[in-house]
1. Treat the count of other C-beta atoms within 10 Å as a stand-in for reagent exposure and order Tyr28, Tyr38 from fewest to most.
2. What does the extension gain come out to for Val53 and Thr113, with contour length at 0.36 nm per residue minus their alpha carbon separation?
Amino acid sequence: MAWGQGRDRDGDKGGDRDDVRHWLAGVYPQFAVPYFIYDVYAMFLCHWHRGQVKGHEVAPPPSLRAAAGSYLRKDLLMVLHHAAMVLVCFPVLWRQGKGDFFLGCLLMAELSTPFVCLGKVLILVSPEGQLGPP
């Protein structure tokens, strides 16, 4: 995001990259923070209700506390990732308008998510023996 602006600024003035601003770094957290919180909640609901799906009934539905514990044991890294993005990467007031370049680098890693998910979907829907080239 701010790489091009930082490069131009360094070429013109020799400035500090921490001061380079990009409009997307201020706007994106307003969308991303509620999304990350919702995503953790939606993943928990999927985990909680998965036991009630036909073919998965092994015991009575677990209590909320038991379901939360098993969810955290299963998806702890995903929950920590979402918490770190919300609590460390996105706080615009904490960053005080600095570090847009580094926030952009972290957000570039997030861009790979749809392609990873698409790869998993293609593996699931491909017929047996069709994973390689024809």
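Quick note: the coordinates plus some simple rules give every number you see, no bench work behind them. These figures come from a predicted structure and were not determined experimentally. Positions of Cβ are generated from backbone atoms using ideal geometry, with glycine treated the same way; all protein chains shown enter the neighbour counts.
1. Details: Tyr28 18, Tyr38 11.
If I rank by nearby Cβ atoms, fewest first, I get Tyr38, Tyr28.
2. Numbers: separation 60, 0.36 × 60 = 21.60 nm, distance 2.69 nm.
That works out to 18.9 nm of additional length.
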